[in-house]
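Asks: The structure under discussion is supplied below as structure tokens; questions concerning it will follow.
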Amino acid sequence: MSKLKYALFTGCTAKESTPEQMMSTMAVAKKLDIELIELTEASCCGASHLQDYDDFLSLVLNARNIAYAEKHGLTMVTICNTCQLNTAMTKHRLDNNAELKARVNEKLGEVGLEYKGTSLVTHFLYAIIDDFGLDKIKEMVVKPLSQFNIAPFYGCHNIRPSELQNESHKTPENPYNPTSLDDLIIACGGQNVDYDEKNKCCGFHAELQAPKTAATLTGNAIAGAMDQNADWMVTPCPLCHLKLDTQYHHASVAIGREVKLPVLHMQQMIGLALGCSTEELGLKHHVSEVDFV
Amino acid sequence: MDNNSITTKDVTFKVFRFNSETDYLPMYKEYKMEVTSEEVVLDILDRIKWDIDGSFSYRRSCRHGICGACAIQVNGKATLACKVNLHSLTETFGDELIIEPQSTKRAVKDMIIDKSDFWEKHAQVKPYLDSHIEEHPEMECMVSIEENDRIMEADLCIQCGACHYACPVVEINEQFIGPAAFVKAYRFEADIRDDAHIERLEECALPEQGVWDCVKCFECAEACPKEINPIEKITSLHQMIFKDKVYKNGVAERHAVGFAHSIKKHGLLDEGQLVLYSEGPSIVKHIPVALQMFKKGKIVMPWNMPKSDNLDEIQKLIKSSSTTKY
């Protein structure tokens, strides 16, 4: 297999509130010998809120990000579910509406860029599954996570709307019974935990305006994993991570029950299994302490 | 179809059974059946009632996916019973299927739920054309094809309740209007003949009940059997709120606008600044969590805020491509 190479759209949290996610992404890419070219020119995707205010602006900015991946001639890899959804949704709309694409390109042309539609946009999770292969991960595992019950938390914006999501990767995912993250846990030697909330919402996007709803959803998710004897949770989304890792106190108050679990980024879980050090994976940056390694 | 191509499969159904008049708790009754590749979920509901237990209760009417009566859930998936093939469900969930009403906490008898909250939410958004048409109009009220296209999709709603009862916010917050009624609101908001535009939009913009409490989980888009994509209509309502300046929820509005400000300044989102701009003085309530995050190196100080390369490009695009003002 020739060396895998992608254009990496980090998103904002990897640069700010989840530094450990950036660290572990790079550590895992190195272990897997995947080359990631960081799109340092990329802007924020608008995080599913900018389009509520200004849809066209959101399209232009996201198209600009993709245009930079196209310049490299590479598939764009995202490491945040919401970046993935916003970028893939922009791509879908522009690829299916020539008039809209022309309007967006008129603006991009002013700064010497063009959106062509030539780059795929996929989340790192699916790039690993589709292009690298879980069998190969399995072979590379040096510290199997066999003593752990691990609860996968998929995050809405990687699995819904499924019609759009399944354009972004080869391995189909059913939002009512997703398997990708479970398969990854198994490949890392861990025991995957089945629980009702694994494909549900963490509440992140309504945290400021609807704190009670958001905290209840977070609480339900952690409680669901705890009730199935999970030792920790794992998620491909840094926004879910922020909610589950830092908001357990509000979540406990909202559902009237103490809930708290360590929550790992998908990249950290792979890194642990592949023998990366805890420093490389940034495990000290967690609010819900990672006390099992 | 050639009979030879019909296949069969043994499926175990765990069916929610409950009578609110006599039962304290619901139970799941097991039925093992041979199911053909031709059968839809409604066929099984019929077989249970007709062949096994006449007291089994569910709603059905058209059998053509247009009345919305038979909406239930199978393994948590919103399902219009008359439309969904059983073998396709077993491909997703295996050979054991859990048949439940749309909302178990609203169950009256078996699959039948009390849907009154659904209808109350509809009533709240004036689900009709409010048009002051003269008694003796002198000309037609013309709707162009393009104007009609904007409402066509939303008009296809059969009010089955699939999206409403799939919505996690409806489950938690009783005031939340919910995706189905928002689709209905959009249907008339986008109708050029309607005169209740601002009044209806105000109802959709209020805190707790309005569109701002949507968590953007896309459960509604996934659940809708008519592919109406309710969250897309919710997004349109958000945009109308800005266009018509129907500001009723400062925190949420500033939260959306704050992204544009931050991208203009840094290219990236300044997380701390966004919370400050959205919350104003109420930011104090976030201090305990912020302190914990700070200790773990999760807060970037304003003077260390990273910036996108070629920021001038982003700034130019914001200037040339912005279509909304706040």
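Asks: Per residue of B:310-322, what is the mean number of Cβ atoms on other protein chains within 10 angstrom of that residue's Cβ?
Replies: Across the residues of B:310-322, the mean count of other-chain Cβ atoms within 10 Å is 6.
Asks: Which Cys residues of chain B have no other Cys beta carbon under 4.7 Å away?
Replies: When partners are defined as cysteine Cβ atoms under 4.7 Å apart, chain B leaves B:Cys70, B:Cys82, B:Cys141, B:Cys157, B:Cys160, B:Cys167, B:Cys204, B:Cys214, B:Cys224 without one.
Asks: Another question, then. Can you give me the pair-distance distribution of the stretch B:260-321, C-alpha pairs, 10 Å bins, whole percents?
Replies: Once binned at 10 Å, the Cα pair distances of the stretch B:260-321 give 21, 43, 26, 10, 0.
Asks: Would you mind giving the average projected area, over all directions, of the Cα convex hull of the stretch B:8-111 in nm² with one decimal?
Replies: Taking a quarter of the hull surface, the average projection is 6.2 nm².
Asks: On to the next question. Just to check I understand the Karplus step: with θ = phi - 60° and J = 6.51 cos²θ - 1.76 cosθ + 1.60, what whole-Hz values come out for the stretch B:236-248, glycine and proline as x?
Replies: Taking θ as phi minus 60°, the curve returns 4, 5, 4, 5, 5, 4, 6, 4, 9, 6, 8, 8, 10 Hz for the stretch B:236-248.
Asks: Order the peptides B:29-37, A:84-92 from the highest to the lowest mean number of other Cβ atoms within 10 Å of their residues.
Replies: Those peptides, ordered most packed to least, come out A:84-92, B:29-37.
Asks: Can you sort B:Ile172, B:Ile66, A:Ile185 by how many other beta carbons sit within 10 Å, fewest first?
Replies: The most exposed by this proxy come first: B:Ile66, B:Ile172, A:Ile185.
Asks: Moving on to the next point. How large is the translational diffusion coefficient of chain B in µm² per second when you combine the Kirkwood radius over alpha carbon pairs with Stokes-Einstein at 10 °C and 1.306 mPa s?
Replies: The diffusion coefficient I find is 68 µm²/s.
Asks: For the stretch B:48-55, what does the Karplus curve 6.51 cos²θ - 1.76 cosθ + 1.60, with θ = phi - 60°, yield as ³J(HN,Hα) per residue in whole Hz, taken in order and with x for Gly and Pro?
Replies: Once rounded to whole Hz, the list reads 4, 5, 6, 9, 10, 9, x, 7.
Asks: Loop only per DSSP, at most 14 neighbouring Cβ atoms within 10 Å: give me the trypsin sites (Lys or Arg not before Pro) in the stretch A:180-260, ordered by residue number.
Replies: Those that pass, being in a loop and sparsely packed, are A:Arg257.
Asks: What FRET efficiency, computed as 1/(1 + (r/R0)^6) with R0 = 35 Å and r the Cβ-Cβ distance, is obtained for A:Asp291 and A:Lys138, rounded to the nearest 0.05?
Replies: It comes out at approximately 0.85.
Asks: Another question, if that's okay. Under a plain spin-label model, where a point goes 7 Å from the Cα along Cα-to-Cβ, how far apart in nm are A:Asp194 and B:Ser131?
Replies: Spacing of the two 7 Å Cα→Cβ label points: 5.3 nm.
Asks: What are the ³J(HN,Hα) values, in whole Hz, obtained from phi via the Karplus relation 6.51 cos²θ - 1.76 cosθ + 1.60 with θ = phi - 60°, for each residue of the stretch A:159-169 in sequence order, with x given for Gly and Pro?
Replies: 10, 10, x, 4, 4, 5, 4, 6, 6, 8, 8
Asks: Sticking with this one: Taking the Cα centre of the stretch A:130-256 as origin and charging only Cβ (+1 Lys, Arg; -1 Asp, Glu), how large is the dipole, in debye to the nearest 20?
Replies: 300 debye
Asks: State the answer as a single residue: which of A:Leu8, A:Ser43, A:Leu61 lies farthest towards the positive end of the charge dipole of the stretch A:1-73, with beta carbon charges of +1 for Lys and Arg and -1 for Asp and Glu, about the Cα centre.
Replies: Result: A:Leu8, furthest along the dipole toward the positive end.
Asks: Picking from B:Phe18, B:Leu274, B:Tyr186, whose Cα lies most toward the positive end of the charge dipole for chain B (charges on Cβ: Lys, Arg +1; Asp, Glu -1)?
Replies: Result: B:Leu274, furthest along the dipole toward the positive end.
Asks: What nm value, rounded to one decimal, do you get for the distance between B:Ser322 and B:Glu174 when each label is placed 7 Å out toward the C-beta?
Replies: Reported label-point gap for B:Ser322 and B:Glu174 is 4.3 nm.
Asks: Semi-axes of the equivalent ellipsoid of the stretch A:134-285: what are they in whole Å, largest first, if each equals the square root of 5 times a C-alpha gyration tensor eigenvalue?
Replies: Value: 25, 19, 14 Å, ordered largest first.
Asks: Between A:Asn229 and B:Met152, with labels modelled 7 Å along Cα→Cβ, what's the label distance in nm to one decimal, could you check?
Replies: 5.5 nm
Asks: Return an integer: the convex hull volume of the alpha-carbon atoms of the protein assembly as shown, in Å³ per residue.
Replies: 184 Å³
Asks: Right, here's the next one. How high is the relative contact order of chain B, given as a whole-number percent (alpha carbon pairs under 8 Å, six or more residues apart)?
Replies: 13 percent
Asks: Once R0 is set to 41 Å, what does the formula 1/(1 + (r/R0)^6) return for the Cβ-Cβ distance between A:Ile37 and A:Lys212, expressed as a FRET efficiency to the nearest 0.05?
Replies: Efficiency, from the Cβ-Cβ distance: 0.45.
Asks: For the stretch A:5-123, rounded, prolate or oblate, judged on the Cα gyration tensor with a ≥ b ≥ c (square roots of eigenvalues), a/c < 1.5 rounded, else prolate if a/b > b/c?
Replies: In terms of gyration-tensor shape, prolate.
Asks: Just tell me how shielded A:8-17 is by partners: mean number of partner chain Cβ atoms within 10 Å of each residue's Cβ, no decimals.
Replies: Neighbouring Cβ atoms belonging to other protein chains average 5 per residue here.
Asks: With a 10 Å cut-off between alpha carbons and a GNM built on chain B, which of B:Glu21, B:Glu203, B:Glu135 moves the most?
Replies: Largest GNM mean-square fluctuation: B:Glu135.
Asks: Add +1 for every Lys or Arg and -1 for every Asp or Glu among the other residues with Cβ under 10 Å from the Cβ of B:Gln315, and state the total.
Replies: Local net charge: +2.
Asks: Something else: Tell me the mean residue ellipticity at 222 nm calculated for the protein assembly as shown from its helices only (DSSP H runs of n ≥ 4, each -39500 (n - 2.57), averaged over every residue, nearest 500).
Replies: Value at 222 nm, helices only, nearest 500: -12000 deg cm²/dmol.
Asks: Here is a further query. Could you work out, residue by residue across A:278-288, how many beta carbons of other chains sit within 10 Å of that residue's beta carbon, and then give the average as an integer?
Replies: If you average over the peptide's residues, the count of other-chain Cβ atoms is 2.
Every number here is computed from the coordinates shown, using simple stated rules; none is lab data. Note that the structure is a prediction, hence the values are computed from the model and not measured. FYI the Cβ positions are ideal-geometry reconstructions off the backbone, even for glycines, and counts take in every protein chain you see.
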